[in-house]
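Heads up, the thing below is written out as structure tokens.
The values are calculated or read from the model by the stated rules, or taken from the named source; none is laboratory data. Remember, predicted model here, so these are calculated numbers, not experimental data. Note that we place each Cβ from the backbone using ideal geometry, even for glycine, and neighbour counts take in every protein chain shown.
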Amino acid sequence: MENIIYHDIMPEHQKAFPEDCLIIDIALHSPLSYPAGSKVLTSLGSHEITIAGNGCRQLFYNGIRFMEQNKNKSSQYAKLANEGHKITWGIRDGNWIYIIDGQIVKY
């Protein structure tokens, strides 16, 4: 994988983390293939897609909360999502990453 910037959010000793992030990203942005309640298979097992209180799709993975960008916000990321970009956020212990259009980015 090129252009991947590793971040403190990556669990120690987990080499599959980037690939798992991209699997999660695809699933969160594919509601017809992965409706809420669907299980997503990663290197650490299966994880359920749920709907957050703000209506966004989310998935919990190894202590990280992944969520699609809320398009109703006024941020630059919401604007990009409304323009058709696929944006997924991950947070753990105050550390953030985001994935935009299939590329993992350091925040």
*Residues in the stretch 37-51: is at least one under 19 Å from ALA78 (Cα atoms) and either surrounded by 18 or more Cβ atoms within 10 Å (Cβ to Cβ) or out of contact with any helix residue (DSSP H, G or I) (no Cβ under 6 Å at 6 or more places or on another chain) (or both)?*
yes
*Go through the stretch 62-89 and give me each residue that's part of a strand (DSSP E or B), within 22 Å of GLY37 (Cβ to Cβ) and modelled with pLDDT of 95 or more.*
ARG65, PHE66, MET67, GLU68, THR88, TRP89
